[in-house]
Amino acid sequence: MSQIIEHIVLFKVKDDADSDKIDAMVNGLNSLATIDQVLYLSAAPIHRLSSTSAFTHVLHSRYRSKEDLSAYVAHPDHLRVVEATMPIWEDIMSVDWIANQVPRVLKPPGGSVVKVTLLKLKENVTDETKKEIMEVVKEESREISVGENFSPARAKGFSIGSVAYFKDLGEVEAHEELVKEKVGSYVEDTIVVEFLVPPPS
């Protein structure tokens, strides 16, 4: 495989949503890992969020191609879970990108920490600068994937995404400061989400 497609969805469930319904949503999303086109899928509550938006849950999945992602989105099981859980959503956004560097570990082990960073860049940032920003993000971590969003419809203006894996929460802290220092002047808004990979069921 020379590339993979990263698919990140952030959900905000309604404040008054029933906890059973929230559990059913997370279980329903995780059940989508069995769809043929999915290389990897994990959905979980957000452990820590740095954002002006109040997202509560995240789904991260990986595919071989844009076609496989489209097949997943159109799959009856996916449509069924979306329809069943939509009534408890208050907000949702998603970002998709091509990771040209395929991570060594396609399926991160249960218990590892996933950190998703989404950047909304200031207007008039050149393609050259975008490349530099992605290089800065990439050099900070071993297991990282970074790219430019190709599905703007539900991305709320966020155009660069990255996902990184860490053994534990301590490893995560050092990474954040460096990125902010180097590319902060080009960035209008940032969402940083951390969650724990659930153990295999």
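In square nanometres, what is the average projected area of the Cα convex hull of the range 86-138? Don't skip to the answer; put the middle values down first.
On the way: hull surface 25.3 nm².
Averaging across all directions leaves 6.3 nm² for the Cα convex hull.
Any idea what log10 I(q)/I(0) is at q = 0.10, 0.17, 0.19 Å⁻¹ for the chain, Debye with uniform C-alpha scatterers and no solvent?
With no solvent term, the Cα-only Debye profile gives -0.39, -1.21, -1.53.
Could you give the angle, 0 to 90 degrees to the nearest 10, between helix 127-139's Cα long axis and the longest principal axis of the Cα atoms of the chain?
Helix 127-139 sits at roughly 70 degrees to that axis.
Under the √(5λ) rule applied to the eigenvalues of the Cα gyration tensor, what semi-axes describe the equivalent ellipsoid of the range 33-98? Give them in Å, descending. Intermediate values should be presented prior to the final figure.
Details: eigenvalues 98, 47, 23 Å².
Working from the Cα gyration tensor, I get semi-axes of 22, 15, 11 Å.
Mind putting a number on the dipole of the chain about its Cα centre? Charges go on the C-beta only, +1 for Lys and Arg and -1 for Asp and Glu, and I need it in Debye to the nearest 20. Intermediate values should be presented prior to the final figure.
Values: 22 positive and 32 negative charges, 71 e Å.
About 340 debye.
Evaluate the distance, in nm, between pseudo-label points positioned 7 Å from the Cα of residue 67 and of residue 181 along their respective Cα→Cβ axes.
4.5 nm
Of 80, 62, how do they rank once you tally other Cβ atoms within 10 Å and put the fewest first? Please list the in-between numbers first.
Values: 80 13, 62 22.
In order of increasing Cβ crowding within 10 Å: 80, 62.
Relative contact order for the chain: what percent, with Cα pairs under 8 Å and sequence separation of 6 or more? Before the final figure, lay out the partial values.
Numbers: 396 pairs, mean separation 58.9, N = 201.
Over the chain, the number comes to 29 percent.
Sort 20-32, 4-16, 121-133 by the packing proxy (mean of other Cβ within 10 Å over each peptide's residues), most packed first. Walk me through the numbers before you get to the answer.
Details: 20-32: 16.2, 4-16: 19.8, 121-133: 12.6.
Top of the packing list down: 4-16, 20-32, 121-133.
May I ask you to derive the FRET efficiency for residue 89 and residue 36 from their Cβ-Cβ distance with R0 = 25 Å, giving the value to the nearest 0.05? Present the calculation step by step, with values, prior to reporting the outcome.
Details: r = 26 Å, r/R0 = 1.04.
Computed FRET efficiency for residue 89 and residue 36 comes out at 0.45.
Give the total of Lys-Lys pairs in the range 3-126 with Cα-Cα distances below 24 Å; include a pair only if its members are 8 or more places apart or on different chains.
On the way: 12/21; 12/115; 12/120; 14/115; 66/107; 66/115; 66/120; 107/115.
Close lysine pairs found across the range 3-126: 8.
Could you tell me which residue out of 72, 51, 192 lies farthest along the dipole of the chain toward its positive end? Charges go on the beta carbon: Lys and Arg +1, Asp and Glu -1, centred on the Cα centre.
72
Every number here is computed from the coordinates shown, using simple stated rules; none is lab data. Note that the coordinates shown come from a computational prediction; the quantities given were computed from them, not determined experimentally. With ideal geometry, Cβ positions are generated from the backbone for all residues, glycine too; neighbour counts draw on all protein chains shown.
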